[in-house]
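First the structure, in the form of structure tokens, and then the observations on it.
The values are calculated or read from the model by the stated rules, or taken from the named source; none is laboratory data. Computed from a prediction, not measured in an experiment: that's the story for all the values here. Note that each Cβ is placed from the backbone with ideal geometry, even for glycine, and that neighbours are counted across all protein chains shown.
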Amino acid sequence: MDRIRIVGGNPLTGSIPISGAKNAALPLMIAGLLTDEKLVLHNVPRLADVSQLQRILGNHGIDITVNGKRRGDDPYSGQTMEIDARVIVDTTAPYELVSKMRASFWVIGPLVARMGEAKVSLPGGCAIGTRPVDFHLDALRALGAEIEIDAGYVLARAPKGLKGAHILFPKVSVGATHTAMMAASLAEGETILENAAREPEIVDVADCINAMGGRIEGQGTSTIRITGVPRLKGAHHSVLPDRIETGTYAMAVAMTGGDVMLSGARADLLDSALDTLRECGAEVTVSNEGLRVKRNGAGISPVEVTTAPFPGFPTDLQAQLMALTTRARGTSKITETIFENRFMHVQELARLGARIHLDGEIATIEGVEKLKGAPVMATDLRASVSLVIGALAAEGESMIHRVYHLDRGFERLEEKLSACGAEIERLAG
Ligand code: UD1
């Protein structure tokens with residue numbers, strides 16, 4: 001298994017290109033199931049999760065082609081992917097594939113809406129709490145699907161098609177909003193989703209479905225109104241920039257000091273996370289090129305942050321923020337409200353010398369002057385990158401094990417960071 005070796009202490013300076021968002025690319029690929037015409041996605045990031053979903057869609061009989069690089073192309077520009085779901089040969093998503101990536105469960109929405117049936121394994125995915133799918137199933141039931149759970153599989157049937165409904169989510173869920181929005185796009189009549197997720201990736205998917213001939217309004221607010229259409233057509237759509245990758249590198253710069261242009265990043269996608277970064281002492285300026293993040297001289301200030309659905313502080317940046325606050329001049333408090341058990345990085349950050357006290361959903365971080373390099377282990381996607389941030393500022397060498405978690409969500413991380421002066425390399429095997 002690959003490892004990443006980091007020798008900390010170098011400030012980051014230069015430019016980091018921001019890739020397309022993983023959390024938009026995955027549901028956009030799944031939206032390709034909604035039409036028998038070609039959906040062309042641009043700016044798709046090269047990630048293990050994207051390849052995994054390609055395999056899953058391939059299993060349904062979907063043809064996916066990825067355009068190779070052309071001479072003169074920017075090495076960091078995303079891939080162009082053509083998804084052709086003209087024929088869906090199989091409406092089953094098997095355990096072996098779905099268990100590797102939770103978001104692949106979301107194929108259930110488009111499959112039942114277009115084919116009238118789906119058999120999808122209950123998901124696995126990140127080990128960050130129980131992560132049930134009850135909201136997805138309740139939404140599909142409300143749209144008229146019959147749902148049965150048998151031997152670890154969800155069977156959803158709607159032989160006569162789905163019907164628009166009024167759905168109130170008990171709690172904000174990104175995945176359940178995607179499922180309901182996609183399914184309702186091909187349902188008969190109008191659907192209203194209340195307490196819907198407002199994440200930018202939901203807006204991106206809604207915009208793509210609208211480009212395919214869908215009729216979705218209100219995306220980006222907590223009430224989404226969908227008027228179903230009998231069929232959707234092909235379209236071209238470009239994946240929006242990854243706000244989590246943006247926030248991660250911004251925190252890395254705030255941690256090490258330096259001056260980096262995050263090119264292609266969009267400030268509006270970060271919302272409250274930008275305020276937090278500034279509060280920590282980073283200087284953030286917004287331009288047409290992207291976001292410029294600097295921290296010179298002044299230390300890191302402690303913060304109190306609670307994770308929340310968008311536009312609140314994202315749970316997907318919680319681990320990275322915690323790494324940053326380990327070196328703050330004072331005590332910080334981070335409350336995780338979205339996922340229980342999303343503190344697996346705490347033990348590993350402690351190996352670098354961090355002082356963190358956990359009490360239920362609240363982590364209290366007492367800033368220390370110095371971290372020291374150590375061997376550490378990646379446990380999930382966002383936790384693993386928090387260890388990278390810690391190691392970049394630690395004295396001496398750190399070795400990060402199990403980096404396959406990183407490859408699920410960060411494109412060419414070591415290349416991007418070493419181009420800005422970090423001493424970081426991947427060791428194979
Ligand atoms: C998505 C993101 C993930 C992010 C999370 C929260 C993708 C591919 N993944 O995950 O990176 O951390 O949003 O921003 O976009 N819940 C239920 N029942 C359900 C569904 C969810 O109880 O049927 C709960 C979850 O356990 C969790 C909360 O709702 O406590 C939010 O989860 P949700 O927004 O659904 O997360 P995902 O869509 O899985």
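List of remarks:
- Test result for A323, in a loop (DSSP other than H, G, I, E, B), more than 29 Å from L28 (Cα to Cα) and of a type in the set (A, V, I, L, M, F, W, C): no
- Checklist (1) surrounded by fewer than 18 Cβ atoms within 10 Å (Cβ to Cβ); (2) among the charged types (D, E, K, R); (3) touching a residue at least 24 places away in the same chain (Cβ under 8 Å) applied to D73, failing item: (3)
- Consider the stretch 114-128 and keep the residues that are more than 9 Å from the ligand (Cβ to nearest atom) and assigned to a loop (DSSP other than H, G, I, E, B). The one that is modelled with the lowest pLDDT is A127.
- Qualifying residue in the stretch 252-272 (condition: within 16 Å of the ligand (Cβ to nearest atom) and among the β-branched types (V, I, T)): no
- All positions within the stretch 196-211 that are out of contact with any helix residue (DSSP H, G or I) (no Cβ under 8 Å at 6 or more places or on another chain) and within 11 Å of the ligand (Cβ to nearest atom): R198
- Helices (runs of 4 or more DSSP H) enclosed by the stretch 1-113 - at least 1 residues per element that are away from the ligand (no atom under 15 Å from the Cβ) and either at pLDDT 95 or above or of a type in the set (V, I, T) (or both): 48-59
- Cβ-Cβ under 6 Å pairs, at least 6 apart or on other chains, the stretch 330-341 side within 10 Å of Q318 (Cα to Cα), far side assigned to a strand (DSSP E or B): I334/V305; I334/A363; T335/T306; T335/I362; E336/T307
- Among residues of the stretch 226-243 that are farther than 18 Å from G78 by Cα, those with a Cβ under 7 angstrom from a residue that is assigned to a strand (DSSP E or B) and basic (K, R), sequence gap 6+ or separate chain, pair up as I226/R215; T227/R215; V229/R215; G234/K38.
- Test: residue in the stretch 390-407 that is touching a Cys at 6+ places or on another chain (Cβ under 9 Å), charged (D, E, K, R) and assigned to a helix (DSSP H, G or I): no
- Among all positions in the stretch 332-349, there is at least one residue which is away from the ligand (no atom under 16 Å from the Cβ) and assigned to a strand (DSSP E or B).
- Among the candidates L324, L274, residue that is under 21 Å from T13 (Cα atoms), of a type in the set (A, V, I, L, M, F, W, C) and free of Cβ contacts under 8 Å to residues at least 40 places away in the same chain: L274
- L277 being in a strand (DSSP E or B) and surrounded by 23 or more Cβ atoms within 10 Å (Cβ to Cβ): no
- Flag if A139 is farther than 28 Å from V239 by Cα and surrounded by 18 or more Cβ atoms within 10 Å (Cβ to Cβ): no
- Residue, farthest from the chain's Cα centre (by Cα), within the stretch 154-197, restricted to residues that are more than 13 Å from L137 (Cβ to Cβ) and of a type in the set (S, T, Y): T191
- Note on the stretch 408-419: among residues that are outside any loop (DSSP other than H, G, I, E, B) and touching an Asp or Glu at 6+ places or on another chain (Cβ under 7 Å), the one that is nearest to A48 (Cα to Cα) is R408.
- Scoring S386 on the criteria (1) out of contact with any His (no Cβ under 6 Å at 6 or more places or on another chain); (2) part of a helix (DSSP H, G or I) leaves a single failure, condition (1).
- Residue among T223, T191 that alone is touching a residue at least 24 places away in the same chain (Cβ under 8 Å), touching a His at 6+ places or on another chain (Cβ under 9 Å) and over 15 Å from L26 (Cα atoms): T191
- Scanning the stretch 362-413 for residues that are of a type in the set (D, E) and touching a Ser or Thr at 6+ places or on another chain (Cβ under 6 Å) returns E366, E411.
- When the residues of the stretch 194-213 are filtered to those that are over 20 Å from R266 (Cβ atoms) and without any contact (Cβ under 8 Å) to a residue 60 or more places away in the chain, the one that is surrounded by the fewest Cβ atoms within 10 Å (Cβ to Cβ) is E194.
- Filtered by the rule that a residue be buried (at least 22 other Cβ atoms within 10 Å of the Cβ), among the hydrophobic types (A, V, I, L, M, F, W, C) and in contact with a strand residue (DSSP E or B) (Cβ under 7 Å, 6 or more places away or on another chain), the stretch 404-429 gives L417, C420, A422, I424.
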